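For reference, the structure discussed in these notes is given below.
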Amino acid sequence: MRPFLLLVSLLFILTTCSSSDHRDDGRITIEFWTIALGDAFADYINGMIATYEAQHPNVRVRWVDVSGTEVAEKFLASLVGDDPPDVVNAYDLPRFLQYDVLVNMDEAVSPADQAKRLESFWQGMGYYQGSNYALPWYSSVNMMWYNREIFSAAGLDPDQPPQTIDEMLEMGRTIRQQTGKYGISWYLHPSLGTPAWALLRLDGFWPLFDGDHTTINSPKACAILQKWVDAYKDGTLPPEALAAAGRDNVNWFIEGRAAMLPFSGGWITRYFDTSFEAKVTATRHPRGALGKMPASNMVLVVPKKSPNVKEAVAFGLFVTNDVNQLAFCRLVAILPSTKKAAADPYFRRPPETIADVANSISAADIPNSFVQAPPDVRGWSRMEDILYEEFAKAMGGQQSIEKALARVERKWNHLLHYQ
Amino acid sequence: MHSKISPYLFIAPGLLCLATFFAYPLLDTFWLSLHKYNIFDPPEFIGLENFRRALDDELFWRVLANTLLYALIVVPSLVVISFFLALLLNSTLTGIKIFRTLYYIPVVTSIVVAGIVWKWIYNADGLLNALLQGLGISGPSWLADARGVPQALVEFLGFSFSSPWLSEPAIALFSVALVTIWKAAPYYMIIYLAGLQGIPVQLMEAARVDGASWWQGVRNVIIPTIQPYTLVVSIIATIGALRTFGEVYVMTGGGPFHRTNLLSYYIYTLGFKYLEVGYASAVSLILLAIIMVFALLNFRMAGGDNTGSA
């Protein structure tokens with residue numbers, strides 16, 4: 001009797017632990033992963049899903065919210081385990097793009113639907129070697145906060161914030177010299193802020209590769225990066241600008257230790273108290289030689305191994321359509337990636353708070369933004385670390401920027417050959 | 001018949017677990033180390049190329065040196081500090097159990113929580129530097145400073161010369177090692193405490209009657225008596241130090257300039273970030289070999305008997 005009971009128990013455990021049936025009760029189940037939207041946006045996501053399910057009675061959507069630090073690893077594990085979700089708000093895309101595991105959206109999405117998306121976002125985070133593998137979702141365009149009190153203390157006109165990167169670095173240096181505070185709260189670590197390759201892109205040095213070799217070892221790239229090395233050495237940037245510590249840049253600014261904070265919008269005002277709010281102003285992000293503002297973009301991808309590619313792409317297009325993106329933007333200070341939503345009067349409404357001011361500055365710069373996407377070469381994750389290491393050594397005074405770029409060139413070309 | 005099978009049945013669950021979670025992954029790691037494999041494409045057999053690549057990999061040697069240096073800082077410190085902590089807590093004071101519990105808290109604290117708290121302490125504008133500021137000392141950025149500790153001391157004393165001999169260990173590596181020591185010392189303290197409580201009271205009393213001071217008693221009675229415990233502590237601490245991952249993952253990400261990049265973290269980066277699974281497997285096996293060498297050395301020093309019979 002006992003062996004029989006054991007067998008029944010084992011069978012029960014095995015059947016209950018087996019993966020969910022994607023075609024349960026004749027309905028297709030789509031698994032939809034988001035990043036850290038949690039309880040705050042549960043009503044919005046569930047409402048959107050309910051609408052979609054009502055319009056598509058053959059589809060059921062299962063929503064899974066994953067934390068930002070885990071999503072890339074979990075997605076990777078699901079792909080390896082041959083049980084991927086169907087629609088994923090993916091992060092760290094270069095890891096996946098190079099192995100051809102995602103659905104090509106240039107092929108899966110009709111030209112009419114593609115035309116509804118802003119071109120810079122369509123050819124943004126998911127763009128890899130001539131094709132787009134992602135559906136652009138919500139986005140942010142950088143603006144800048146600055147502390148008027150520190151500007152005045154440094155002898156700068158608080159009504160004349162910097163317009164260009166060079167002016168920002170120069171003013172930052174003056175602030176450091178005159179007040180002892182950091183000029184700019186800026187991150188250079190690849191995992192957080194604007195790493196060396198993004199500095200080059202911001203100043204118009206792009207692309208970094210020409211066929212089977214890199215072009216990074218050039219006098220122009222040296223000159224661009226040398227500005228940042230100087231800024232780091234003279235204390236314009238905090239020493240931790242090179243470290244991987246999330247949110248420190250916000251803290252340095254809020255605690256009055258740094259004068260300028262390039263940022264993604266107005267949501268940080270929730271950390272401002274009334275007295276601090278009186279000291280700060282929002283302005284446009286300083287422009288580099290490229291003349292455009294850096295933007296970041298959340299995207300949805302569909303794994304090729306999804307058993308419901310067609311339905312998954314359709315659901316992804318629904319989540320990222322004009323109506324749903326605009327509704328999302330009304331809930332939180334984010335920006336849309338579709339043309340019609342971006343042109344909505346909502347983004348030109350008279351600001352009521354300084355957070356609104358910041359958001360309206362970001363929104364006005366949507367057409368003048370570029371998505372801060374890395375180069376589309378195989379093995380980029382490793383190449384990015386190499387660039388960071390050599391650049392950081394130059395910043396730390398261990399080598400010249402010329403030597404750093406020569407070493408990057410040698411190592412990158414070796415890796416290109418190895419791939 | 002039953003009596004012959006019974007012992008095997010008893011050890012079968014354990015063997016099954018060992019085979020599933022140790023033997024199979026080990027064999028699979030060995031198999032993967034002979035292949036070029038990125039998870040998505042089929043593995044490509046390349047023989048010992050991954051091991052040869054490690055020999056040519058500048059970063060591998062840097063990381064290996066960091067790991068050995070790290071063990072060199074952590075293991076002796078743990079042996080000494082945990083021993084003296086145990087001596088301190090091996091008394092009959094009222095409420096000593098509360099102290100023992102309090103001292104044990106770092107061991108049961110998640111490394112993620114501990115790492116985040118220590119990051120705040122180590123920040124350039126953090127608690128540690130605020131305390132040093134009170135003493136008139138301008139502290140470095142503890143987790144971002146790549147200078148060597150000896151070099152920083154030389155500069156602190158007002159000298160301006162620098163030398164490659166002064167460049168190790170980096171301040172950042174030393175700072176990470178301190179967190180490991182803080183977190184692990186109470187665990188080893190408990191092992192020592194068990195050893196100390198096994199020493200007959202008469203031994204120390206006899207030494208005292210013979211005129212030995214407290215320190216002479218510790219040096220000539222306690223330390224020789226608990227030697228087997230010291231060997232156990234050094235073996236476990238060495239293996240633990242060589243496998244350190246959490247502190248690096250949470251606090252530094254291997255930076256600055258790979259000065260805190262340790263083998264376990266490097267393997268993780270190779271496997272999960274760069275998806276160079278074959279190469280990561282080869283480096284894992286090299287780490288395994290290093291750990292086995294150190295474990296064997298310790299075991300030989302213990303005379304093959306580290307059963308802790310005090």
| remark: Restricted to region B:54-85 and to residues being among the aromatic types (Phe, Trp, Tyr) and open to solvent by 20 Å² or more (accessible area, probe 1.4 Å), the residue farthest from B:Val221 (Cα to Cα) is B:Trp61
| task | Output the number of residues of region A:252-274 satisfying the condition of being within 14 Å of chain B (Cβ to nearest Cβ) and touching a strand residue (DSSP E or B) at 6+ places or on another chain (Cβ under 9 Å). | result | 6
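Of A:Ser120, A:Ser78, which residue is within 14 Å of chain B (Cβ to nearest Cβ), open to solvent by 10 Å² or more (accessible area, probe 1.4 Å) and either under 29 Å from A:Pro294 (Cβ atoms) or outside any loop (DSSP other than H, G, I, E, B) (or both)?
Numbers: A:Ser120 fails: within 14 Å of chain B (Cβ to nearest Cβ).
The unique qualifying residue is A:Ser78.
This table checks each residue for (1) among the aromatic types (Phe, Trp, Tyr); (2) within 11 Å of another protein chain (Cβ to nearest Cβ); (3) more than 17 Å from A:Arg201 (Cβ to Cβ).
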residue: A:Ala363; (1), (2), (3): no, no, yes
residue: A:Gln372; (1), (2), (3): no, no, no
residue: A:Arg378; (1), (2), (3): no, yes, yes
residue: A:Arg382; (1), (2), (3): no, yes, yes
residue: A:Phe391; (1), (2), (3): yes, yes, no
residue: A:Gly397; (1), (2), (3): no, yes, yes
residue: A:Val408; (1), (2), (3): no, no, no
residue: A:Lys411; (1), (2), (3): no, yes, yes
residue: A:His417; (1), (2), (3): no, no, yes
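Go through region A:347-380 and give me each residue that's in a helix (DSSP H, G or I) and either surrounded by 19 or more Cβ atoms within 10 Å (Cβ to Cβ) or in contact with a Cys (Cβ under 7 Å, 6 or more places away or on another chain) (or both).
First, pick out the residues of region A:347-380 that are in a helix (DSSP H, G or I): A:347-348, A:354-364, A:366-368, A:380.
Of everything in region A:347-380, those that are in a helix (DSSP H, G or I) and either surrounded by 19 or more Cβ atoms within 10 Å (Cβ to Cβ) or in contact with a Cys (Cβ under 7 Å, 6 or more places away or on another chain) (or both) turn out to be A:Ala355, A:Ala358, A:Asn359, A:Ser360, A:Ile361, A:Ser362, A:Ala363, A:Ile366, A:Trp380.
Of all residues in region A:167-186 being charged (D, E, K, R), part of a helix (DSSP H, G or I) and under 29 Å from the mean Cα position of the chain (by Cα), which is surrounded by the fewest Cβ atoms within 10 Å (Cβ to Cβ)?
Restricting attention to region A:167-186, the residues satisfying the condition of being charged (D, E, K, R) are A:167, A:170, A:173, A:176, A:181.
After this cut, where a residue has to be part of a helix (DSSP H, G or I) as well, the list is A:167, A:170, A:173, A:176.
Cutting the leftovers down to under 29 Å from the mean Cα position of the chain (by Cα) gives us A:167, A:170, A:173.
On the way: A:Glu167: 14, A:Glu170: 17, A:Arg173: 18.
Among those that are charged (D, E, K, R), part of a helix (DSSP H, G or I) and under 29 Å from the mean Cα position of the chain (by Cα), it is A:Glu167.
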| task | Say whether the condition of being away from every other protein chain (no Cβ under 14 Å) and part of a helix (DSSP H, G or I) is met by at least one residue in region B:156-165. | result | yes
| said: Looking only at region B:105-126, how many residues end up being open to solvent by 60 Å² or more (accessible area, probe 1.4 Å), part of a helix (DSSP H, G or I) and within 14 Å of chain A (Cβ to nearest Cβ)? | reply: 4
| field | Every pair of residues 6+ apart whose Cβ atoms lie under 8 Å, when the first sits in region B:84-103 and is outside any helix (DSSP H, G or I) while the second is modelled with pLDDT of 85 or more and open to solvent by 90 Å² or more (accessible area, probe 1.4 Å) | value | B:Asn90/B:Gln197
| query | Tell me, which residue of region B:241-257 that is buried (at least 23 other Cβ atoms within 10 Å of the Cβ) and part of a loop (DSSP other than H, G, I, E, B) is farthest from the other protein chains (Cβ to nearest Cβ)? | reply | B:Thr244
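Is it the case that some residue within region A:223-232 is within 14 Å of chain B (Cβ to nearest Cβ) and polar (S, T, N, Q)?
The answer is no, given that none of the residues of region A:223-232 is within 14 Å of chain B (Cβ to nearest Cβ) and polar (S, T, N, Q).
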| request: Report the residue count in region B:194-218 for those that are in a helix (DSSP H, G or I) and over 15 Å from B:Thr92 (Cβ atoms). | output: 13
| said: Can you tell me how many residues within region A:31-51 are part of a loop (DSSP other than H, G, I, E, B) and either open to solvent by less than 60 Å² (accessible area, probe 1.4 Å) or touching a helix residue (DSSP H, G or I) at 6+ places or on another chain (Cβ under 6 Å) (or both)? | reply: 2
| query | Would a scan of region A:308-321 turn up a residue that is part of a loop (DSSP other than H, G, I, E, B) and acidic (Asp, Glu)? | reply | no
| Got at least one residue in region A:52-67 being β-branched (Val, Ile, Thr), crowded, with 19+ Cβ neighbours inside 10 Å and within 14 Å of chain B (Cβ to nearest Cβ)? | no
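Quick one: would you say A:Ser110 is surrounded by fewer than 20 Cβ atoms within 10 Å (Cβ to Cβ) and under 27 Å from A:Val61 (Cα atoms)?
On the way: surrounded by fewer than 20 Cβ atoms within 10 Å (Cβ to Cβ): yes; under 27 Å from A:Val61 (Cα atoms): yes.
It is true that A:Ser110 is surrounded by fewer than 20 Cβ atoms within 10 Å (Cβ to Cβ) and under 27 Å from A:Val61 (Cα atoms).
Would you mind finding the one in A:Phe209, A:Phe263 that is within 23 Å of A:Ser139 (Cβ to Cβ) and under 24 Å from the mean Cα position of the chain (by Cα)?
Details: A:Phe209 fails: within 23 Å of A:Ser139 (Cβ to Cβ).
That would be A:Phe263, the only listed residue that is within 23 Å of A:Ser139 (Cβ to Cβ) and under 24 Å from the mean Cα position of the chain (by Cα).
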| message | So in region B:36-53, with the set limited to residues that are part of a helix (DSSP H, G or I) and within 14 Å of chain A (Cβ to nearest Cβ), which one is surrounded by the most Cβ atoms within 10 Å (Cβ to Cβ)? | response | B:Asn50
| Looking at region A:32-57, which of its residues are closer than 19 Å to A:Val302 by Cα and over 23 Å from the mean Cα position of the chain (by Cα)? | A:Met48, A:Ile49, A:Tyr52, A:Glu53, A:His56
| request: Please specify each residue of region A:142-155 satisfying the condition of being within 25 Å of A:Leu199 (Cα to Cα) and not in a strand (DSSP E or B). | output: A:Asn142, A:Phe151
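Can you spot a residue in region B:134-141 that is hydrophobic (A, V, I, L, M, F, W, C) and surrounded by 13 or more Cβ atoms within 10 Å (Cβ to Cβ)? Even if it seems obvious, please write down each step before you answer.
So in region B:134-141, the residues hydrophobic (A, V, I, L, M, F, W, C) come out as B:135, B:137.
Restricting the remaining residues to those that are surrounded by 13 or more Cβ atoms within 10 Å (Cβ to Cβ) gives none.
There is no residue in region B:134-141 that is hydrophobic (A, V, I, L, M, F, W, C) and surrounded by 13 or more Cβ atoms within 10 Å (Cβ to Cβ).
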| said: For the structure I just gave you, tell me whether A:Ala327 is more than 14 Å from every other protein chain (Cβ to nearest Cβ), more than 25 Å from the chain's Cα centre (by Cα) and in a helix (DSSP H, G or I). | reply: no
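For (1) among the charged types (D, E, K, R); (2) within 14 Å of chain A (Cβ to nearest Cβ); (3) farther than 28 Å from B:Ile171 by Cβ, each residue gets a yes or a no:
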residue	(1), (2), (3)
B:Lys4	yes, no, yes
B:Tyr8	no, no, yes
B:Trp31	no, no, yes
B:Glu58	yes, yes, no
B:Ala86	no, no, yes
| message | Let me spell it out: the conditions are (1) surrounded by 18 or more Cβ atoms within 10 Å (Cβ to Cβ); (2) within 14 Å of chain A (Cβ to nearest Cβ); (3) at pLDDT below 90, and B:Ala207 meets all of them except one. Which number is the exception? | response | (2)
| remark: Sole miss for B:Leu32 among (1) in contact with a Gly (Cβ under 7 Å, 6 or more places away or on another chain); (2) modelled with pLDDT under 95; (3) among the hydrophobic types (A, V, I, L, M, F, W, C) is condition (2)
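Which one of these is at pLDDT 95 or above and over 24 Å from B:Ser141 (Cβ atoms): B:Leu87, B:Leu78, B:Leu102? Let's see the steps before the verdict.
Values: B:Leu87 fails: at pLDDT 95 or above; B:Leu102 fails: at pLDDT 95 or above.
Selected residue: B:Leu78, the only one of B:Leu87, B:Leu78, B:Leu102 that is at pLDDT 95 or above and over 24 Å from B:Ser141 (Cβ atoms).
The values are calculated or read from the model by the stated rules, or taken from the named source; none is laboratory data. This one's a predicted model, so the numbers in the text were calculated from it and none came from an experiment. Neighbour counts run over all protein chains shown; Cβ positions are idealised from the backbone, glycine included. These accessible areas exclude ligands, DNA and RNA; they are computed on the full protein's heavy atoms, side chains included. Shrake-Rupley method; radii C 1.70, N 1.55, O 1.52, S 1.80 Å.
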